[in-house]
1. For residue 22 and residue 97, calculate 0.36 nm times their separation in residues minus their Cα-Cα distance, and state this gained length in nm to one decimal.
2. In which sequence would 25, 212 go, from the one with the fewest C-beta neighbours within 10 Å to the one with the most?
3. In nm, to one decimal, how far is the residue 217 label point from the residue 60 one, both placed 7 Å along Cα→Cβ?
4. Using Cβ contacts closer than 10 Å as the measure, can you line up 143, 171, 148 from fewest to most?
5. As a footprinting exposure proxy, order 15, 67 by other Cβ within 10 Å, with the fewest listed first.
6. Please sort 73-79, 122-128 by packing, taking for each peptide the average over its residues of neighbouring beta carbons within 10 angstrom, highest first.
7. Need one number: nm distance between label points at residue 210 and residue 79, each 7 Å from Cα along Cα→Cβ, rounded to one decimal.
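What follows is calculated from the coordinates using simple rules that are stated; it is not laboratory data. Remember, it's a predicted structure, so these values are computed and weren't measured experimentally. No Cβ is skipped: glycine too gets one built from the backbone with ideal geometry, and neighbour counts run over all protein chains shown.
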């Protein structure tokens, strides 16, 4: 399966790409400078790189040949075209089988301060529209924060709705990076950053396995990968004596509990 992962420079995208490659899939994971997930035209342009490479090789290989259809040199033109296809296909897939959007603004506390407004919404709209035009199934990496009262949750829920509305075949996967089963191990009483990385790697492997099992038969709608992260956050908020309805700042929770402040994590 030829897979395009948008947001390819993020940690989760890198982990997912590695896991998919180990399962035998071909993966392209461009960063924002190559394929901007918030720009439909940029996504389409990246997906069109095979055609660009084919045209360039065709021009190079047919230079000086008689291009008259069925003319004396037509056999050479056909051979050159076959070679151009082969060369272009060594670099790029003619068609992607799946697009995975792992791009997004994920600093929950920063969004509560007003940063990153509109980014997640634009990504959902652009990816859904591009998948529709290109006729490629889309998997959108979301979070179990989606739909909650915080600004980040609202932005991700809007993006989910855009993806499902615009893309002909789309699955939203809500990924929980932290979960109650490992609450004692994966909390700020330990090394939050290290534990989050460990769980992210496990999560990416689970998602890769799921995508592998559903190749060519992607279910439509919303799926959840792992128990709820927000459950753990809520429990810590209560322990810290904070109002869960209004405060969704992990750093503030850690500070109140006397734990090291966790670093922001990103897809």
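1. 25.3 nm
2. Details: 25 18, 212 15.
Lowest count first: 212, 25.
3. 4.2 nm
4. 148, 171, 143
5. On the way: 15 21, 67 12.
Sorted ascending by nearby Cβ count, the order is 67, 15.
6. Working: 73-79: 13.7, 122-128: 25.0.
Top of the packing list down: 122-128, 73-79.
7. Taking the two extended label points, one gets 5.1 nm.
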